[in-house]
Amino acid sequence: MAGNPWKNWLFTRVHTDEGLYGIGEGTLNYFAKTVEAAVRELSPLIIGLSPFQVEIVSQKLLRDPYSEGAQIHNSAVASIEIALWDIIGKATGQPIYNLWGGRCHPKLRAYANGWYRGPRKPEFFADKAKMVAGRGYTALKFDPFGSAWRMVSRAEFDLALDIIAAVRDAVGPDVDLLIEGHSRFNVATAAQFAEAIARFRPAWFEEPVNHLNIGAIVEVARRSPVPIATGESFSNKQQFAELLSHNVISIFQPEPLSLGGLFAARKVADMVDAHYGVIAPHSAQGPVCSAACAQLNASIPNFFIHEIFDEFNDPWEKDIIVNGIEVVNGYIDISNRPGLGIDLNIEEIARHPYQQGNHLPLFQPGWEQRKGEK
């Protein structure tokens, strides 16, 4: 476990009796220790199985306990499932995307997230946005809404718009703005914001209402002049199927950890493709998840854009991964190394232990500063 200040990262290693091992990740905000306990409790169910039996392993881990643990349960399973794909790739000498039909893209367009750590002021957001765009990023995501929940005052409403306006002015018309909602609002407030931000031509308005109420998502999507993006909080493919049946969302953000692994996310991508939608997987965890999402995205014909926090974390965090994801001029080069193409630096991870206060308190003022227990 690595004590990243804004979210403790949970990594796994799965070993085979032939000497190979794979790495995975089960990070979940606030619940790193809880997921770790779940990994340890679930592991005896699959000891002795072949790492090539991914479907059987997933069934044993998800179905057989006969309990609905949603994101916590699935993150534990994903930490094992991702490691299995890493093992299979190493055993066959292939990157994971070649196990799913091959690479569909020469490189992956990336969008920057986590770049706005600091005060919630329009001028600060503008300065940071200009710096990020200067690195070659053609898309930036940010949450301008502070600690808002359900409804906001007129002053807070106007401040959020001022921040978006400042970013748009700073980066110009050709950079995509992705507005993060973090499930903050009720339908009425979300619809008001959607109408108000349309003039800034954002590429999407992300998860403006809670994912548990699909009817609310559908209502906002029908009223919004801005495309709605959602799906990161879903924990099964049935939720995606229900939302797809309404034909109002075309940008979906499956989170491999919340879904129980890479193959589940790959199946969701195909469901979305059948409805003419595009995929922008949620990748706001640690660097193993980033590498896993790169393998996933490389194999998806309907891939849209890849989320990147890695460049905007503390400097030591690049040292805990060997051959980690690199962004050059806003794009990710796709590795051709076997499996995930990365490894863990255990010695460096040990220098940054778990801290109870390392989490992202999205409904507390100042959460944007991502301080953790520094």
**Request:** Please work out which option in [x] 97, 45, 33; [y] 61, 44, 39; [z] 56, 56, 52 gives Cα extents along the principal axes in Å calculated from these coordinates, and answer with its label.
**Result:** [y]
**Asked** Whose amide H sits under 5 Å from the amide H of residue 344, counting only residues 5 or more places off or on another chain, with H placed in the peptide plane?
**Response** 322
**Signed unit charges on C-beta, dipole axis of the chain, positive-most listed residue 51, 66, 124** = 124
**Request:** Starting from the Cα of residue 130, draw a straight line to each of the aspartates and glutamates and keep only those under 19 Å, dropping any in the same chain fewer than 8 residues away.
**Result:** 143, 162, 169, 174, 176, 180, 307, 310, 311, 368
**Prompt:** Where the convex hull is taken over the Cα atoms of region 136-259, what is its projected area averaged over directions, in nm²?
**Reply:** 7.7 nm²
**Fill in**
Taking R0 as 25 Å and r as the Cβ-Cβ distance between residue 158 and residue 130, the FRET efficiency 1/(1 + (r/R0)^6), rounded to the nearest 0.05, comes to 0.65
**For region 206-215, 3J(HN,Hα) per residue [Karplus equation, 6.51 cos²θ - 1.76 cosθ + 1.60, θ = phi - 60°, Hz, x = Gly/Pro]** = 8, 6, x, 10, 5, 5, 6, 10, 5, x
**Prompt:** Ordered by packing density, taken as the mean number of other Cβ atoms within 10 Å over each peptide's residues, highest first, how do 142-155, 253-266 rank?
**Reply:** 253-266, 142-155
**Request:** Within region 231-332, list the GluC sites (Glu not before Pro) lying in a DSSP loop whose Cβ has at most 15 other Cβ atoms in a 10 Å radius.
**Result:** 326
**Asked** Which percentage, to the nearest 5, of the DSSP beta bridges contained in the chain is antiparallel?
**Response** 40 percent
**Prompt:** Sequence-distant or interchain residues sharing an amide H contact under 5 Å with residue 204, placed H: which?
**Reply:** 179
**Calculated on alpha-carbon atoms, Rg and Dmax of region 257-347 in Å** = 13.6, 46
**Fill in**
If unit charges are put on Cβ atoms (+1 for Lys and Arg, -1 for Asp and Glu) and the dipole of the chain is taken about its Cα centre, the option from 185, 251, 24 lying farthest towards the positive end turns out to be 185
**Asked** Hey, what angle do you get for helix 32-42 against the long axis of the chain, alpha-carbon based, 0 to 90 degrees rounded to 10?
**Response** 30 degrees
**Asked** Helix 262-274 versus the longest principal axis of the chain: what is the Cα-based angle in degrees, 0 to 90, to the nearest 10?
**Response** 50 degrees
**Prompt:** Using the Cα gyration tensor of region 313-374, with a ≥ b ≥ c the square roots of its eigenvalues, what is the shape: rounded (a/c below 1.5), prolate (a/b larger than b/c) or oblate (neither)?
**Reply:** oblate
**Request:** Answer with one residue from 292, 275, 228: the one whose Cα lies farthest towards the positive end of the charge dipole of the chain, charges on Cβ with Lys, Arg +1 and Asp, Glu -1.
**Result:** 228
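Report the calculated FRET efficiency for residue 337 and residue 195 (r = Cβ-Cβ distance, R0 = 45 Å), to the nearest 0.05.
That pair, residue 337 with residue 195, gives E of 0.45.
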**Request:** Please work out the C-alpha center-to-center distance from region 50-125 to region 204-274 and express it in whole Å.
**Result:** 17 Å
**Prompt:** Given 90/267; 128/371; 141/267, which pairs have Cα atoms separated by over 20 Å?
**Reply:** 90/267; 141/267
**Item:** Peptides 104-113, 203-212, 282-291 ordered by average Cβ neighbours within 10 Å, highest first
**Value:** 282-291, 203-212, 104-113
**Asked** What are the residues whose amide H is under 5 Å from the amide H of residue 118, where those residues sit 5 or more places off or on another chain and H is modelled from the backbone?
**Response** 369
**Cut-off 15 Å (backbone N to label point 7 Å along Cα→Cβ of residue 169), residues of region 100-122** = 121-122
**Message:** What distance in nm separates the two pseudo spin-label positions at residue 49 and residue 369, each 7 Å out from Cα along the beta-carbon direction?
**Reply:** 4.6 nm
**Item:** Degrees, to the nearest 10: 287-298 long Cα axis against longest axis of the chain
**Value:** 90 degrees
**Prompt:** If you place +1 on the Cβ of every Lys and Arg, -1 on the Cβ of every Asp and Glu, and leave all else neutral, what size is the dipole of region 264-366 about its Cα centre, to the nearest 20 Debye?
**Reply:** 320 debye
**Prompt:** Based on Cβ point charges of +1 for Lys and Arg and -1 for Asp and Glu, what charge dipole magnitude is obtained for region 97-339 about its Cα centre, in debye rounded to the nearest 20?
**Reply:** 260 debye
**Asked** Per the Kirkwood treatment, what hydrodynamic radius in Å, one decimal, follows for region 182-251 from the mean inverse distance over all distinct Cα pairs?
**Response** 11.9 Å
**Complete:** Simple SL model, points at 7 angstrom along Cα→Cβ for residue 17 and residue 326; separation in nm is 4.0 nm
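Values quoted throughout were computed directly from the atomic coordinates according to the rules given, and no laboratory measurement underlies them. Quantities reported herein were computed from a predicted structural model and do not represent experimental measurements. Don't worry about glycine lacking a Cβ; one is built from the backbone with ideal geometry, like all the others, and counts go over all protein chains shown.
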